[in-house]
Amino acid sequence: MILVLAAGTTQAVPVAKSLVRIEATSQEPSYKAPWNPGQVSGGVGAGFVIASNRILTNAHVVSNARFLTVSKEGDPKPYPAKVLHIGHDCDLALLTVEDPAFFKGTAALEFGGIPVIESTVSVYGYPIGGTKLSVTQGIVSRIDFQEYSHSGMDSHLTVQIDAAINPGNSGGPVMQGGKVVGIAFQGYSGDVAQNVGYMIPTPVAKRFLKDVEDGHYDRYVDLGLSYENLFNPAARRALGLQDDDRGVLVASVYGGGSSDGIVKPGDVLMAIDGLPIASDATIPMDNDSVPLPEVVERKFKGDTVKLDVLRDGVPLELKIPLSGPWPFTLHGNTYDEDPRFVVFGGLIFQPVDQNWMSELKPDDLRLRYMFDFFIEDKIYKERPEIVALSGLLADPVNAYAADFRNGIVDEINGRKILRLADAAEEFAKPADYYVIKMAGNGRPIVLERKAVEEARARILSRYGVTKEQNL
C-alpha cells in the first residue's frame, strides 16, 4: 500500500484517499461554422483533494467541458463535479463536488517545496485512461522556465523528471516526503524524447490558489519586456558596466504591457525588488539561482515591482505597476468561450485569434503579417481586433465575394472597423447599399440591402445557421 503522512500527524494515510479520477465530456467549438456547438469528445485525467473539499487538477483536463464526473479508489460511483476556478495561463483548475458523500473518507494533501535536482519523486494518476491508481517514479533532472503547451503562449517555472507523463496522468499529484511537490501536466511524445515529463511546481499552484481567494482568477502579470544577456566584456564597457557579472540589456518593451512608457529599450536591469540580476538573467531566491521573471511570477494584478536600472550610465529606480499585457492574448489558445462572429448576406466575419488561425490556416500574407506582428509592430494601437472575412455561405447575393475570403475588413460604409462590434453596428444601420472595403484591395464588396433581406431566410435555412451573430 502506498502511504503519505496525514497533515500534522505521524499517521500514514493511503494516497488512494486523495487521488481522484476525472472523466470529462467536452465540446470543441467550430470556427468554420461558429454557430454550431461543435464536436463532442471525452477524456480522462487525474486530480487530488486539497483543503476545503476542493479538487486540484489541470485546466486542460476540464477545458470546454460540458459534463464532469469524478470517482475515487474503492468507490466506482461517478459523482457530478463542477469547475470552481480555471487558469488557462497556468494550466490549473479547481473543482468541487456538491454531494458531500464524495469527500467522506478522503484526505486533503499538503504542498511541499521545490524538489532538488537528482531527488526522487512519485507520479500518481490514471495513464492511458486506466481505472486503477498507477504510480511511477522519476528523478528530478531540470528546473527551468518553459512554455505551457495548454495556452501555447505563457511560460512559467517547470520541473522536468525522467518519468513519462501520459494521457490520464495529467492533474495527478507528484509526491515527495509525503507532500505534493508538483502536478503532472505535459510531456513529449515517444518520437521526440523517451521518459521525459514535466510537472507544475508548487509555487505556481500556490499562486493560483492565492489568486482565487477573492472568488475570481485574475491571471498572471508580466513585465512586458524582453532582455539580452550581457556576457561580452566590450559590450559591458560600452554600457558603463563594471566587470562584476551583473545586469541584462532591455531589448524590447511591449506596448500594452506593464513596462510600457516606464522602461526603455537600452536600459540595463541591475536589480529587481532589491535582488541583484546576474548577466545570465538569474537572481538569488529560495537558496537557489532562478530566472529573473520568477519575482514577478509570484505577484498579482495591482502589485508593484521595483527595478534598479542604468539608463545612459545614470542609475534610476523605477516602480512598475503590474498587469497582464492584453495584446499577447491574441496569440494564446482560447478555451471555454464560444467563437465570436457576424453573418450578413451570407458573409461570415470574425476576429482573428490563435484558435481561428489554427483551424482555418489562412494563406493570405497580409493577414498573417498582421497576426504575427500584432505586438511587435504595434498594430494593436490602430486595430484592437483584426476583423476578417472568414468565409461565405454561397448564394447569388454574394456570388462574387469568394475572392475576398480571409481578407481584412478595413471599412464599412466609410467607418473604420476596429472591432467586430463595429461591423455589427454598421450592418444594423439602414442603408440602400453596404460598401465593405478590404485592406489592400481597391475593389470593395457591395451588398444591396433589399437583396440581403430577401436572401436572409434562404441562407439561414440552407446552411442551418441557428444565429447570425455572437459578439
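Quick note: the coordinates plus some simple rules give every number you see, no bench work behind them. These figures come from a predicted structure and were not determined experimentally. Here Cβ is always computed from backbone atoms with ideal geometry, including for glycine, and neighbour counts include all displayed protein chains.
Brief remarks follow.
- Reducing region 116-155 and region 174-250 to their Cα centroids gives an inter-centroid distance of 16 Å.
- Between Asp218 and Asp243, the C-beta separation translates, for a Förster distance of 35 Å, into a calculated FRET efficiency of about 0.25.
- Where the alpha-carbon atoms of region 225-323 are placed on the principal axes, they occupy 38, 33, 19 Å, in descending order.
- Distance between modelled label sites at Glu110 and Gln146, nm, 7 Å Cα→Cβ extension: 2.9
- The chain, relative contact order in percent, only Cα pairs under 8 angstrom and at least six apart counted: 11
- Square roots of 5 times each gyration tensor eigenvalue, C-alpha, region 340-470, largest first, Å: 24, 16, 13
- Across region 88-94, computed HN-Hα scalar couplings (Karplus, 6.51 cos²θ - 1.76 cosθ + 1.60, θ = phi - 60°) run 5, 6, 10, 6, 10, 8, 10 Hz from first to last residue, x flagging Gly and Pro.
- Segment Ala251-Ser41, extension gain: residue separation times 0.36 nm, minus the distance between their alpha carbons: 71.2 nm
- Order by protection proxy (mean Cβ within 10 Å, highest first), peptides 304-317, 383-396: 383-396, 304-317
- From least to most packed, judged by other beta carbons within 10 angstrom and beginning with the fewest, Tyr463, Tyr220 follow the order Tyr463, Tyr220.
- Paramagnetic reach from Asp288 (point 7 Å along Cα→Cβ, amide N under 13 Å) across region 104-124: 112-120
- Within region 230-274, backbone nitrogen closer than 11 Å to the virtual label 7 Å beyond the Cα of Lys381 toward Cβ: 255-256, 261
- With the simple model of a label 7 Å out from the Cα in the direction of the Cβ, Leu84 to Lys206 spans 1.9 nm.
- Estimated distance in nm for a label pair at Lys416 and Ile117, the labels positioned 7 Å out from Cα along Cα-to-Cβ: 5.2
- Stretchable slack from Lys32 to Lys299, in nm (0.36 nm times residue separation minus alpha-carbon distance): 92.3 nm
- Each of Trp356, Trp326 was scored by other Cβ atoms within 10 Å of its Cβ. Arranged with the fewest first, they read Trp326, Trp356.
- Mean projected area in nm² (Cα convex hull; one quarter of hull surface) for region 3-103: 7.7
- For the chain, adding -39500 (n - 2.57) for each run of n ≥ 4 DSSP H residues and dividing by the number of residues yields -3500 deg cm²/dmol at 222 nm.
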